[in-house]
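Asks: Structure below; questions to follow.
The values are calculated or read from the model by the stated rules, or taken from the named source; none is laboratory data. Bear in mind that the values here come from a model prediction, so they are computed numbers and not experimental data. All Cβ positions, even for glycine, are placed from backbone atoms using ideal geometry, and neighbour counts span all protein chains on display. The protein model used for the area step is the full one, side chains on, heavy atoms only, and it has no ligands, DNA or RNA in it. Shrake-Rupley method; radii C 1.70, N 1.55, O 1.52, S 1.80 Å.
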Amino acid sequence: MAVNNAQTKHFFDNRYGTGQSTLDGIIRATNILLAGRNLVVVGYGWCGKGVALRARGMGSNVIVAEIDPIKAVEAVMDGFRVMPMSEAAKIGDIFVTVTGNRHVIDEQHFAVMKDGAIVCNSGHFDLELNLVALRDLSEEVIELRPFVQEYRVKQTGSRVIVLGEGRLINLAAAEGHPASVMDMSFANQALSVEFLLKNQGKLAPGVHTLPAEVDTEIASLKLKALGISIDTLTSEQIEYINSWETGT
């Protein structure tokens, strides 16, 4: 079961969980003020959307780097500046990678960063940052405080600050997602297993998506836990939306 494709996973865990816990990790590690800083979000998937949204809410000037034209247009329409990493690298104060790919911040980007630029990853393994190349560019690496390493670039003398050794900053320097968003993710996993057991022998081999009715059930349970109720369709409304006979 592709649990991460469930709406009650990526809409909430990825967007709100990663968005909040990433900034929590950055702040715990550095105690810096985010307001007024140029914060570059590399990747505008669900995690990137969450980081960008939360960073803007704390007063950062958010810049998005993307390779997907549709996501890039979405970021523009959401009110963010969009540009290639080669341009963002020169003006960013804080960089957060959330792509799931490797070396999205590479040697040529580190080489032109501002003195004191802060770099971290919240998307995948530490390979999102090419730290091998950064180390080769640098004359020394200093441990400033827990989870904070300063690389001094030989050619320019600029300092690049790497958080959490490039590992997931929301886990390295913070506590990960709050339980009140992880509950839906765990519900997805548990109910996926239940669905597979109930349908043993009926499903073709392959990767399956959590059925919409189970996704909806999880959202309904979450609303109930929050003490929130919503409307339901009347029989006339159900008939109307299922019919093509009424209207223009």
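Asks: Checking the table LYS202/LYS224; LYS202/LYS222; LYS198/LYS222; LYS49/LYS154; LYS49/LYS222 against a 26 Å threshold on Cα-Cα, which pairs fail?
Replies: Over 26 Å Cα-Cα: LYS202/LYS224; LYS202/LYS222; LYS49/LYS154.
Asks: I would also like to ask the following. I need to check one value: relative contact order of the chain, counting alpha carbon pairs closer than 8 Å and at least 6 residues apart, in percent. Mind dumping the intermediate values first?
Replies: Numbers: 446 pairs, mean separation 52.7, N = 248.
About 21 percent, as a whole number.
Asks: Please state the charge dipole magnitude for the chain, taken about the Cα centre, from unit charges on C-beta atoms (+1 on K and R, -1 on D and E), reported in debye and rounded to the nearest 20.
Replies: Details: 22 positive and 29 negative charges, 112 e Å.
Roughly 540 debye for the chain.
Asks: Continuing with the same structure: If the cut-off is a Cα-Cα distance under 16 Å, which aspartates and glutamates reach LYS71, setting aside same-chain residues fewer than 8 apart in sequence?
Replies: Once the sequence-local aspartates and glutamates are set aside, nothing remains near LYS71.
Asks: Could you provide, to the nearest whole Å², the per residue accessible area of the range 128-248 with probe 1.4 Å? All intermediate terms of the calculation are to be shown ahead of the outcome.
Replies: Values: 8240 Å² over 121 residues.
Ligands and nucleic acids excluded, the result is 68 Å² per residue.
Asks: In the chain, what percent of the accessible surface is made up of carbon and sulfur (1.4 Å probe, ligands and nucleic acids excluded)? Could you put the intermediate results ahead of the total?
Replies: Values: 7510 of 13700 Å².
C and S atoms contribute 55 percent here.
Asks: If you line up the long axis of helix 212-225 against the longest principal axis of the chain, both from Cα atoms, how many degrees apart are they, to the nearest 10?
Replies: Around 80 degrees separate the two axes.
Asks: Counting other Cβ atoms within 10 Å of each Cβ, which GluC sites (Glu not before Pro) in the range 140-248 have at most 13 and sit in a DSSP loop? Display every interim value, and only then the final one.
Replies: On the way: sites: GLU140, GLU143, GLU150, GLU165, GLU175, GLU194, GLU213, GLU217, GLU236, GLU239, GLU245; in loops: GLU175, GLU245.
The qualifying sites are GLU175, GLU245.
Asks: Sticking with this one: Where a ≥ b ≥ c are the square roots of the eigenvalues of the C-alpha gyration tensor, would you call the range 99-151 rounded, which needs a/c under 1.5, or, failing that, prolate if a/b is larger than b/c, or oblate? It would help to have the intermediate numbers written out before the result.
Replies: Numbers: a/c = 1.76, a/b = 1.27, b/c = 1.38.
Oblate is the answer for the range 99-151, as a/c is 1.5 or above yet b/c matches or exceeds a/b.
Asks: Sort the chain into rounded, prolate or oblate with this rule: let a ≥ b ≥ c be the square roots of the eigenvalues of the Cα gyration tensor; rounded if a/c is under 1.5, and if a/c is not under 1.5, prolate when a/b is larger than b/c, oblate otherwise. Kindly include the intermediate steps, with their values, before the conclusion.
Replies: On the way: a/c = 2.32, a/b = 1.98, b/c = 1.17.
Prolate, because a/c is 1.5 or more and a/b exceeds b/c.
Asks: Moving on to the next point. Using a basic spin-label model with each label point 7 Å from the Cα along Cα→Cβ, how many nm lie between GLU217 and GLU175?
Replies: Calculated label separation equals 3.1 nm.
Asks: Let me ask something else. So for the chain, taking the charge dipole from beta-carbon charges (+1 Lys/Arg, -1 Asp/Glu), which of THR232, HIS109, GLN7 sits furthest toward the positive end?
Replies: Working it through, the farthest residue towards the positive pole turns out to be HIS109.
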